[in-house]
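Remarks on the structure that follows.
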């Protein structure tokens, strides 16, 4: 199956700093990637749709200035959490679609202290 | 907006037995995809099975099969001959097709499946 790689797997940062998470499609090209957030013992919530070469589309209630998305190539999308605060601590997961199926990265556990 | 409901927060089954996880959804679209994903403790999301709404035949993948009832908007997952490795969170997910293929997934809240040895 298609492989999506996400990096880093976990990160701890200080409050007020920014953190970048990378999502790569390793063996296929993805014009569209998706970013989800998952709180402990809860479901995945779609945050935004990342579009190669154009602006991302954010879901209602997601701050676009807080969660910056860049999709500069057909295999790479990045999510930058700016001025992170403890409430941004969560599990972030990206996905890309191949053959109509969403394949997911391993996820990034972000802890803001 | 589409919603996906999984009414069983937790299910327990004896190894080698059969278990059915339920999922209902609400949509006004006529064409869409439905999925079951598995999330083990590693938290890696793994596709279990998918169903295209236009197909009447229920999808099957080895020990996993679905009962898709389009009129009732129901999409249950049956796991036969349960194995210890099946223990995980199972999420039902919906994807519409009106967004030109750019729609993300809408997930249910998940069912925690426990396999008793």
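Computed from the coordinates by the stated procedures, all read-outs in this text should not be read as laboratory data. None of these values were measured; they are calculated from a predicted model. Reconstructed Cβ throughout: ideal geometry from the backbone, glycine too, with neighbour counts over all protein chains shown.
Model label sites at residue B:70 and residue A:42, defined 7 Å from Cα along the beta-carbon direction, differ in position by 3.4 nm.
Let's test the formula: R0 of 25 Å, r as the Cβ-Cβ distance of residue A:98 and residue B:20. What FRET efficiency results, to the nearest 0.05? Don't jump to the answer; show the numbers that get you there.
On the way: r = 29 Å, r/R0 = 1.17.
With R0 = 25 Å, the Cβ-Cβ based efficiency is 0.30.
Taking the number of Cβ atoms within 10 Å of each Cβ as an exposure proxy, the fewest-first ranking of A:50, A:15, A:5 is A:15, A:5, A:50. Projected label points at residue A:14 and residue B:2, each 7 Å from Cα along the beta carbon direction, are separated by 4.4 nanometres. Largest GNM mean-square fluctuation across B:53, B:87, B:72, computed for chain B with C-alpha springs under 10 Å, falls on B:72. Among B:79, B:46, the order by Cβ neighbours within 10 angstrom, fewest to most, reads B:46, B:79. Give me the base-10 log of I(q)/I(0) for the protein assembly as shown at each q in 0.15 Å⁻¹, Debye formula, one uniform scatterer per Cα, rounded to two decimals. Each listed q maps to, in turn, -1.02.
Residue A:3 to residue A:85: extension gain in nm, 0.36 nm per residue of separation minus the Cα-Cα distance?
Numbers: separation 82, 0.36 × 82 = 29.52 nm, distance 3.10 nm.
Full-extension gain reported as 26.4 nm.
Pairs of Cα atoms in chain A fall into 10 Å distance bins, from 0 up to the last occupied one, in shares of 16, 50, 30, 4 percent. Within 10 Å of the Cβ of each residue in B:42-52, the mean number of Cβ atoms contributed by other protein chains is 4. Put in order of Cβ neighbour count within 10 Å, fewest first, the listed residues B:113, B:105 become B:113, B:105. Can you figure out the FRET efficiency of residue B:62 with residue B:109, using R₀ = 41 Å and their beta-carbon distance, to the nearest 0.05? So, using R0 = 41 Å, E works out to roughly 0.95.
Counts of other chain beta carbons within 10 angstrom of each beta carbon in peptide B:105-113 average 3. In this label model, residue A:68 and residue B:98 are separated by 3.4 nm, measuring between points 7 Å along each Cα→Cβ vector.
Computed over chain B with a Gaussian network model linking Cα atoms closer than 10 Å, the most mobile of B:95, B:63, B:50 is B:63. Look at where the Cα atoms of region A:89-107 and of region A:31-76 average out, and the two centres are 10 Å apart.
Direction-averaged projected area, Cα convex hull, chain B: 7.0 nm², rounded to one decimal. Cα-based radius of gyration for region A:13-68, normalised by 2.2 N^0.38 Å, reads 1.27. Considering only A:29, A:60, A:38, the Gaussian network model of chain A with Cα springs below 10 Å gives its largest mean-square fluctuation to A:60.
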